[in-house]
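Notes to accompany the following structure.
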Amino acid sequence: MLRRRIIPCLDVSGGRVVKGVEFVNLRDCGEPVDAALRYAAQGADELCWLNITAGEEAWDELLTQVADAGTRIDVPLTVGGGVSDEPHVRDLLGAGADKVSINSAALDRPGLVTECAERHGSQCIVVAIDARRTASGWEAVASGGRRTTGRDAVEWAQEAVERGAGELLVTSMDSDGTQRGYALDLYERLLAAVDVPIIASGGASSPEDIADVLALGVSAALAASIFHDGLHTVEEVKQTCRKRNLPMR
């Protein structure tokens, strides 16, 4: 059985870590490199850095921060946000990211996943999916949840894997920041549909929530609020998971 991973998430806007509820009402949570160092010291298996208000004017600053983090921490770093073409992927990998997350651009142009996987390898291409619950299932939404697509999230996950995604980062938008627990039914559907690692995101309020979603079979759990607010440390989460006999990194 593959060992499970705990991944603190750094949602970055204007060079600062922020956190909101369902992607809005953002509050400041500090400087991203400082946070990355703190979570690496706590035993994080990976870090996820999402530049949630990315624009071309902030791209050079993002690359500088990623390069700084990459030289100072010794855990894998996944970076996303504003990635719209293959040169963006190349830039981030060159700056020190281990993996790159692609979200809205992949929905708009699915061939981008194939292009990036063929050029850089599936192992470093993560397709991020923001899923919103509907009457019939889950819809993949774009642009931080501001744009509907009409695409079924599970079907899009299957296509993304077929096109070369090596991993999926799936966020339940209805749960994000609410601390009401992960949308377990969403991950059950995804686990039955694809055979690549899945990172579950959105809704963690406690180590028990994280253990619950890892027990389903997802490869990793991503969380932000409980770490940013100092409610729990990464090691506390791992201890809870080990008590549930989950194999941890």
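Phi-derived couplings, Karplus 6.51 cos²θ - 1.76 cosθ + 1.60 at θ = phi - 60°, listed residue by residue for region 128-134: 8, 10, 9, 10, 10, 5, 10 Hz, with x used for Gly and Pro. Hull volume per residue, based on the alpha-carbon atoms of region 80-154 and their convex hull, is 83 Å³. For the pair ASP185 and ARG244, a Förster radius of 30 Å applied to the C-beta separation gives a FRET efficiency near 0.95, rounded to the nearest 0.05.
Using Cα pairs closer than 8 Å and at least 6 residues apart in sequence, work out the relative contact order for region 159-249, in percent.
Once normalised by length, the contact order is 26 percent.
For the chain, adding -39500 (n - 2.57) for each run of n ≥ 4 DSSP H residues and dividing by the number of residues yields -11000 deg cm²/dmol at 222 nm.
How much FRET efficiency would the formula 1/(1 + (r/R0)^6) give for GLU236 and GLN123, where r is the Cβ-Cβ distance and R0 is 35 Å, rounded to 0.05? Let's see the in-between values first.
On the way: r = 30 Å, r/R0 = 0.86.
The formula returns an efficiency of 0.70 here.
Taking Lys and Arg as +1 and Asp and Glu as -1, the other residues whose beta-carbon sits under 12 Å from that of ARG189 total -3. Packing around the peptides 126-135, 33-42, 239-248, 190-199, taken as the average count of other Cβ atoms within 10 Å per residue, puts them in this order, highest first: 126-135, 33-42, 190-199, 239-248.
Estimated from the Cβ-Cβ distance and a Förster radius of 45 angstrom, the FRET efficiency linking ASP195 and ASP34 is about 0.75.
The modelled label-to-label distance for the pair ARG133/THR148, using points 7 Å beyond Cα in the direction of Cβ, is 1.7 nm. Rounded to two decimals, the Cα-based Rg/Rh of the chain, with Kirkwood Rh, is 0.93.
If Lys and Arg each add +1 and Asp and Glu each add -1, what is the summed charge of the other residues whose beta carbon sits under 13 Å from the beta carbon of SER143?
Values: positive: ARG132, ARG146, ARG147; negative: ASP108, ASP130.
Overall, the nearby charge balance is +1.
Counting only DSSP beta bridges with both residues in the chain, tell me the antiparallel percent, nearest 5.
Values: 14 of 46 bridges.
Of the beta bridges lying entirely in the chain, close to 30 percent run antiparallel.
What percent do you get for the relative contact order of region 5-243 when only Cα pairs under 8 Å and 6+ apart count? Intermediate results must be reported in sequence, preceding the final value.
Values: 513 pairs, mean separation 41.4, N = 239.
That works out to 17 percent.
Here is the size of region 112-249 from its Cα atoms: Rg then Dmax, 15.1, 42 Å.
Full extension of the segment from ALA41 to ASP85, taken as 0.36 nm per residue of separation minus the current Cα-Cα distance, would add 12.5 nm.
Read the figures in this text as sums done on the coordinates, not as results from a lab. Given the structure is predicted, the values throughout are model-derived calculations rather than measurements. All Cβ positions, glycine included, derive from the backbone under ideal geometry; neighbour counts span all protein chains shown.
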